Amino acid sequence: MKSIVVQQPERLVIEERPLPQPGPGEVRMRVSRAGICGSDVHIWHGHNPFARYPRTIGHEFFGHIDAVGQGVDAARIGERVVGDPVLSCGHCYSCQVGRPNVCRELQVIGVHRDGGFSEYITLPAKNAHQVPATIADNEAAMIEPFTIAANICSQLQPAKTDIALVYGAGPMGLTTIQALRGVYGVKRIIVADRIDERLAMARANGADCTINNAKDDLGAALAQQEARPTLIVDAACHPSILPQAIALASPAARIGIMGFSAEPCVISQQEITSKELSIFSSRLNSNRFPMVIEWMSQKKINPTALITHQFAYTDVLDAMEVFEKDQKHCCKVLLTF
């Protein structure tokens, strides 16, 4: 089989690898679609501290079960499935309280172990979620990105009375905007980004108002609209954002942080406590696949609106370059196998 492998930082190749056999409790998936994420680019460039090389990348993947291991019902062969990349131990504190995404022994498919940018992949049967026929192949490949939005929203508990401020109109921000609009029906969605074309994408995906915070002062713009955000999502994850979000937030607001930044930031305890703010962080997803599959089945979200490019897997280098460099026009890139 063919697999897309980062042999070492900056060296990405397509290799011929042996066909994997599913072990006990596992299934083998023949991959049909796979989505490119920023973390794949980080591994390619050597910027992900969790990755070891060589590594087959890819944690957003969809296909069909074509073989099962011992203990798995053979009737599952032929199922259309999407893979949850979160592998957990099941017995540590995090797993016991329903948060396997921060398991003490966490492994992520495509990071800690070989991923879905391959013609075939094996994974635990419980991580292969059946996709109904009403969800098209391309849409199914978008389930994992929406689980990231589902995870932060499950913590923030958006309500119809909320005024939401979303920092960042990249893929994470746009999936969150769609969820806030189509699933939770929040009162108002304001989006801040530094690229006008991304802000246009935000409006197309449900934002009521957009602000280019490279050109305009965000605080002044919100004040002019008499908008005090009750729910803030940081989907851009620059160290300057959290202190500003704390300052802009309404009393009793919730703030959610969706990504990683190793850079320190300075925040005021007084500003947090005086307004009794709640601050949440979110990593990957904690069993959110059934939730997103239901969202898609009920047409509450529109994943195809985010798919801007599609490439054959043999053109992966071109696909990665477009995803990384064309921030004005590119949102989600799918590889076809």
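Quick look at the numbers
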item: Options 159, 192, 200; residue that is at negative phi and free of Cβ contacts under 8 Å to residues at least 12 places away in the same chain; result: 200
item: Sole exception among (1) of a type in the set (Ser, Thr, Tyr); (2) over 19 Å from the mean Cα position of the chain (by Cα); (3) surrounded by 18 or more Cβ atoms within 10 Å (Cβ to Cβ) for residue 268, by number; result: (3)
item: Failed item, numbered, when residue 293 is tested on (1) without any contact (Cβ under 8 Å) to a residue 60 or more places away in the chain; (2) touching a helix residue (DSSP H, G or I) at 6+ places or on another chain (Cβ under 9 Å); result: (1)
item: Qualifying residue in segment 303-314 (condition: crowded, with 20+ Cβ neighbours inside 10 Å, part of a helix (DSSP H, G or I), touching a Lys or Arg at 6+ places or on another chain (Cβ under 7 Å) and on the phi < 0 side of the Ramachandran plot); result: yes
item: Which numbered condition residue 26 misses (of (1) over 18 Å from the mean Cα position of the chain (by Cα); (2) open to solvent by less than 20 Å² (accessible area, probe 1.4 Å)); result: (2)
item: Hey, residue 34 under 15 Å from residue 337 (Cβ atoms) and assigned to a strand (DSSP E or B) or not; result: yes
item: Residue under evaluation residue 72, criteria (1) open to solvent by 30 Å² or more (accessible area, probe 1.4 Å); (2) over 30 Å from residue 236 (Cα atoms), criterion not met; result: (1)
item: Given (1) within 30 Å of residue 98 (Cβ to Cβ); (2) of a type outside the set (Gly, Ala, Ser); (3) open to solvent by less than 40 Å² (accessible area, probe 1.4 Å), index of the condition residue 160 fails; result: (3)
item: Any pair with Cβ under 6 angstrom, 6 or more apart, that starts in segment 301-319 at a residue that is farther than 20 Å from residue 172 by Cβ and ends at one that is polar (S, T, N, Q) and open to solvent by less than 70 Å² (accessible area, probe 1.4 Å); result: 312/336
item: Test result for residue 280, in contact with a helix residue (DSSP H, G or I) (Cβ under 6 Å, 6 or more places away or on another chain), among the aromatic types (Phe, Trp, Tyr), more than 30 Å from residue 226 (Cα to Cα) and open to solvent by 40 Å² or more (accessible area, probe 1.4 Å); result: no
item: Residue within segment 213-227 that is of a type in the set (Gly, Ala, Ser) and surrounded by 22 or more Cβ atoms within 10 Å (Cβ to Cβ) present; result: no
item: Segment 92-112 - residue that is open to solvent by 50 Å² or more (accessible area, probe 1.4 Å) and aliphatic (A, V, I, L, M) and, of those, nearest to residue 51 (Cα to Cα); result: 102
item: Criterion (in contact with a helix residue (DSSP H, G or I) (Cβ under 8 Å, 6 or more places away or on another chain), farther than 24 Å from residue 36 by Cα and at pLDDT 95 or above) met by exactly one of 143, 189; result: 189
item: Segment 172-197: number of residues that are open to solvent by less than 30 Å² (accessible area, probe 1.4 Å) and either out of contact with any Leu (no Cβ under 6 Å at 6 or more places or on another chain) or of a type in the set (Lys, Arg) (or both); result: 9
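The values are calculated or read from the model by the stated rules, or taken from the named source; none is laboratory data. Since we're looking at a predicted model, the values are computed, not measured. No Cβ is skipped: glycine too gets one built from the backbone with ideal geometry, and neighbour counts run over all protein chains shown. Note: areas computed on protein heavy atoms with side chains; ligands, DNA, RNA excluded. Shrake-Rupley method; radii C 1.70, N 1.55, O 1.52, S 1.80 Å.
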